[in-house]
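Notes for the one structure printed next.
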Amino acid sequence: MTARPTQPAGQSRTRMVGLLWQAWLPLAAAVAIWFWSSGSQSYFFPPLSRVLEETWRIWFAGGGILRDIVPSFVRLITGFALALVLGVALGTILGINRTLEVAMRPVTEALRAIPGAALLPIAMMFLASGETMKLSMIAFISTWPILLNTIEGVRSVDPTLRLVMASFRLSPWYRFRYVFLPAAAPQIMAGARISFAVSVAVMVIVEMFGTPGGMGYFIRHAQQTFQVVPMWTGILMLGLFGYALNVLFRLIERRVLRWHYAMAAHSEGGNQ
Amino acid sequence: MIASVRPRHAVSGSEPASDASPILAIRNLSFSYGAVRIFEELDCEVRQGEFLCVVGPSGVGKTTLLQCLAGLRLPTKGGVVLKGNLVTAPPAELAVVFQDYSRSLMPWLTAEENITLPLRSARLSRAECHQRARKALEEVGLVGVEGKYPWQLSGGMQQRVAIARALAYQPSIIIMDEPFASVDAQTRSDLEDLVLNVRQHLGITIVLVTHDIDEAVYLSDRVLVLSGRPAKVLDIVDVNLGRQRDQIGTKSLPEFAELRSRVYRLIRRKPSHGGVPADDGGER
């Protein structure tokens, strides 16, 4: 009884400990690099203090976030959203229709086996180097993990639920929105997590080779014009960007699969 | 009690509430998986307001029969006629309660959302959906669990939600596939009485499939006995135990014991002798 009011405090304490446990290695690495690089005369490995100064100057004070990170972010989210819609829509159709899925399998297997970067020259040939090419590349390459996981998730819907849907005459939209989609959601999210990482990688690559703009372009341009310190700041920002996106993704996943986590926690509690 | 074992086609005199017109007719119904014949030439008529139990040993094709009745499966031969229409797809006037409540309810929807999903799909207004869900939950004795998820409820309560979903759909006939097979004995008799009460209250027609002979006799107006490979209708036994039943009183009646052993003998295909007259060797 008396322990109850202290529960939130105890929870926040364990959360703090968890955060510290996650943070100690990056912090230790940063400190180590700071001292190790402090007297560096190497053109290619400037001292960390200079990189941090430049990072502040370019990205924060100089508006680099608005100029390059925001366009990259919009591009990434648009491409990923296209992949999500495409992957879930096609995956649901192929997951429900076994015959079609078997007929399409050689095509899907072949297409997904092509390393994404190999498509870049073709994409640039047909779609030029602008926004269309960038978005198409991100969407196309990121679709596969979502597509394959959606097929798997939809196929694993309980046969009893299929009978329920049929006997209560649910409309196709209701079957998709309230049965197949939530049933497959845990697997779709697992695929989306992989796709998201793929999307970030493809975004950087297409920006490096495409028309100016974005973090990928910034890094490559800095490297090619021998601006080594700005190049390092770009890589640092890209790392922070990726980490922030991961946190965002996890928050969304928690929200979307709330019932799933609650049910899992419930059945664990019931077993005790 | 000779009255309880009259020939099966006789209209039962002690059931004035049952309208004699058939709501559901099973005609020459046969089903086979490839060369394996599951059941053959089943014939039966379910009357308006009647409670019919289909009983038979496991593996006899009861679930397959139920799926044919519900339009979830097409028979190999013959057909099912619901209110004068041949059933070729799940009809709107029929609802199904499945055996495994943990798999027939959607864990991502609350009790109320589970109940209203078919109604919302049929484009009923939000107010109407809510109203029907509330009434159905009241009918099955579950008030105050609207916002709970199925996995937060006990097995018996989950099956009540599944029954409420069928009631809210407002069908003229409900088909139940071993609906009490996955709950404990106490919950089971509670649910049996619940279904009897609901039926009494709403005058709904029910076809219930079970392998439990006691349950079949206790619940029904008539018991359709299915047995053999391929399965055939061995008999349709009239259960003249009246509309009011109770777990202790009804089950200790001598008539109950007679009916029970009669159905049991039919299923075991033992030649009947002694006090119970046999009429299962007739013209079938």
Here is a check on your reading of the model: is A:Ile77 within 14 Å of A:Gly210 (Cβ to Cβ) and within 20 Å of the chain's Cα centre (by Cα)?
no
Take A:Tyr243 and tell me if it is buried (at least 21 other Cβ atoms within 10 Å of the Cβ) and in a helix (DSSP H, G or I).
no
Quick check: is even one residue across segment A:178-195 open to solvent by less than 40 Å² (accessible area, probe 1.4 Å), touching a strand residue (DSSP E or B) at 6+ places or on another chain (Cβ under 9 Å) and in a helix (DSSP H, G or I)?
no
Quick check on B:Ile236: is it buried (at least 23 other Cβ atoms within 10 Å of the Cβ) and either of a type in the set (Lys, Arg) or not in a loop (DSSP other than H, G, I, E, B) (or both)?
no
For segment A:107-128, state whether one or more residues are within 14 Å of chain B (Cβ to nearest Cβ) and surrounded by fewer than 14 Cβ atoms within 10 Å (Cβ to Cβ).
no
Of the residues in segment B:160-169, those that are more than 12 Å from every other protein chain (Cβ to nearest Cβ) and out of contact with any Phe, Trp or Tyr (no Cβ under 8 Å at 6 or more places or on another chain) come to B:Arg160, B:Ile163, B:Ala164, B:Leu167
For segment A:27-58, give me each residue that is touching a Leu at 6+ places or on another chain (Cβ under 9 Å), open to solvent by less than 100 Å² (accessible area, probe 1.4 Å) and in a helix (DSSP H, G or I).
A:Ala30, A:Ile33, A:Ser37, A:Val51, A:Leu52, A:Thr55
Residues that are open to solvent by 50 Å² or more (accessible area, probe 1.4 Å) and assigned to a loop (DSSP other than H, G, I, E, B), drawn from segment B:78-91
B:Lys83, B:Gly84, B:Thr88, B:Ala89
So B:Thr187 passes all but one of these: (1) within 14 Å of chain A (Cβ to nearest Cβ); (2) closer than 26 Å to B:Leu52 by Cα; (3) modelled with pLDDT under 95. Which condition number does it fail?
(1)
When you look at B:Lys62, is it more than 8 Å from chain A (Cβ to nearest Cβ) and either of a type in the set (Asp, Glu) or surrounded by 16 or more Cβ atoms within 10 Å (Cβ to Cβ) (or both), yes or no?
yes
Of those in segment B:106-152 that are of a type in the set (Gly, Ala, Ser) and assigned to a helix (DSSP H, G or I), the residue nearest to B:Pro91 (Cα to Cα) is B:Ser121
Where the second residue is among the aliphatic types (A, V, I, L, M) and at pLDDT below 95 and the first is on the phi > 0 side of the Ramachandran plot and lies in segment A:181-204, which pairs have Cβ atoms under 8 Å and are six or more apart or on separate chains?
none
Considering only residues of segment A:134-177 that are small (Gly, Ala, Ser) and either touching a strand residue (DSSP E or B) at 6+ places or on another chain (Cβ under 8 Å) or crowded, with 24+ Cβ neighbours inside 10 Å (or both), which is nearest to the other protein chains (Cβ to nearest Cβ)?
A:Ser167
Check on B:Pro75, within 20 Å of A:Pro159 (Cβ to Cβ), open to solvent by 10 Å² or more (accessible area, probe 1.4 Å) and away from chain A (no Cβ under 13 Å):
yes
Looking only at segment B:95-108, count every residue that is over 21 Å from the mean Cα position of the chain (by Cα) and open to solvent by 10 Å² or more (accessible area, probe 1.4 Å) and tell me the total.
2
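The values are calculated or read from the model by the stated rules, or taken from the named source; none is laboratory data. Note that the coordinates shown come from a computational prediction; the quantities given were computed from them, not determined experimentally. Note that each Cβ is placed from the backbone with ideal geometry, even for glycine, and that neighbours are counted across all protein chains shown. Heads up: the accessible areas ignore ligands, DNA and RNA and are worked out on the full protein's heavy atoms, side chains in. Shrake-Rupley method; radii C 1.70, N 1.55, O 1.52, S 1.80 Å.
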